[in-house]
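Before any comments, here is the structure.
The values are calculated or read from the model by the stated rules, or taken from the named source; none is laboratory data. None of these values were measured; they are calculated from a predicted model. Every residue, glycine as well, gets a Cβ built from its backbone with ideal geometry; the counts of neighbours run over all protein chains shown. Accessible surface areas use protein heavy atoms only, side chains included; no ligands, DNA or RNA. Shrake-Rupley method; radii C 1.70, N 1.55, O 1.52, S 1.80 Å.
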Amino acid sequence: MALENLPSSVRIREVGPRDGFQNEPEVIATGDKVRLVNLLAKTGLKRIEVTSFVRPDVIPQLSDAVEVLTGIDRPEGVSYSVLIPNRRGLENALELRDRFDETNFFLSASETHNRKNVNRSVEESISGLEETIPVSVEAGLRCEGVISTSFGCPYEGDVPVENVLALALRLARAGCVEVGFGDTTGMANPVQVRRFFSTVRERFKQEGLGDTELTAHFHDTRGQGLANVLAALEEGIDSFESSFGELGGCPVPPGATGNIASEDLISMLGEMGIETGVDLPKLIEVSAEVQKVLGRPLGSHVLKAGPIDWKDLSERNP
Ligand code: ZN
């Protein structure tokens with residue numbers, strides 16, 4: 001595989017304020033959330049998922065969606081997204097329409113995970129989204145569909161690519177210009193990831209949906225997150241989601257870590273000569289800040305080790 005086939009730049013969506021805060025055991029104070037999102041928006045990150053409109057009794061960690069959205073700055077060039085479970089969630093979000101730019105709609109590719117997560121069958125979820133997404137498009141919002149358990153389900157095991165593909169195509173036809181694939185419990189491996197994206201890209205092209213942005217959302221539950229990123233890059237994927245500090249545990253299995261760390265991802269890409277537009281030292285400062293808020297060490301490698309300082313190294317070893 002020729003390295004020059006890798007993309008020269010990638011887009012990164014920071015999902016820590018939603019995926020991360022939602023899955024941490026602590027409820028983070030609204031003021032801290034607002035401050036951290038504002039800091040993230042100054043690091044060069046251009047896409048930030050800031051909160052969700054899931055029912056507050058289901059996810060109390062994000063029950064302050066309205067306060068967070070009204071509290072954060074709206075810097076130019078930074079696109080904020082909110083996670084939307086259904087029509088009701090979209091209606092609530094639309095009351096604050098001018099406070100965000102994108103909606104992320106989600107469902108799981110496997111029946112058991114979807115039922116445990118949203119208490120609906122996969123078909124009920126996708127049909128509901130097919131009615132809801134056009135409303136969001138109509139409101140001028142950019143729409144992303146995210147498919148959880150795309151690479152395996154903690155309850156059912158293997159999830160056939162064809163099932164994931166069918167949902168992805170329906171999301172795209174309903175108006176999603178971006179479809180994200182979540183390795184929700186870290187079951188993917190790099191060989192599987194290459195096959196997966198090769199199949200999905202090919203089919204999207206065949207269906208006349210080749211312009212749809214395909215995004216990889218990897219978890220580092222078993223330490224394979226960045227290896228999977230490389231595999232996706234080799235298949236031409238140039239859009240990723242990650243979480244600062246490696247925030248975001250995962251309820252299954254209990255105690256497992258969640259998303260790949262944004263610092264680790266951005267450090268690796270930078271070392272490979274792939275442009276992200278993110279100022280890594282600045283991002284590390286924000287991750288150190290959230291670590292302080294939580295009062296315990298977070299999983300991110302680069303947060304602990306710091307970025308590689310080549311200038312310093314060559315001075316030491318001329
Ligand atoms: Zn995640």
Next on the checklist: Among the residues that make up segment 184-195, is at least one of them within 13 Å of the chain's Cα centre (by Cα), of a type in the set (Ser, Thr, Tyr) and open to solvent by 10 Å² or more (accessible area, probe 1.4 Å)?
Outcome noted: yes
With the first residue restricted to segment 62-88 and required to be open to solvent by 60 Å² or more (accessible area, probe 1.4 Å), and the second required to be of a type in the set (D, E, K, R) and not in a loop (DSSP other than H, G, I, E, B), Cβ contacts under 7 Å at 6 or more apart or on different chains are Thr70/Arg99; Arg87/Glu131
Scanning segment 148-180 residue by residue, those of a type in the set (D, E, K, R) and surrounded by 15 or more Cβ atoms within 10 Å (Cβ to Cβ) turn out to be Arg170, Glu178
Checking Arg18, Arg13 in turn, the sole residue that is buried (at least 19 other Cβ atoms within 10 Å of the Cβ), not hydrophobic (A, V, I, L, M, F, W, C) and not in a helix (DSSP H, G or I) turns out to be Arg13
The number of residues in segment 79-101 that are more than 15 Å from Val50 (Cβ to Cβ) and not in a helix (DSSP H, G or I) is 3
Scanning segment 121-140 for residues that are touching a residue at least 12 places away in the same chain (Cβ under 8 Å) and open to solvent by 80 Å² or more (accessible area, probe 1.4 Å) gives Glu131
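Quick one: is Leu107 modelled with pLDDT of 95 or more, open to solvent by less than 50 Å² (accessible area, probe 1.4 Å), over 24 Å from Thr51 (Cβ atoms) and not in a loop (DSSP other than H, G, I, E, B)?
Values: modelled with pLDDT of 95 or more: yes; open to solvent by less than 50 Å² (accessible area, probe 1.4 Å): yes; over 24 Å from Thr51 (Cβ atoms): no; not in a loop (DSSP other than H, G, I, E, B): yes.
No.
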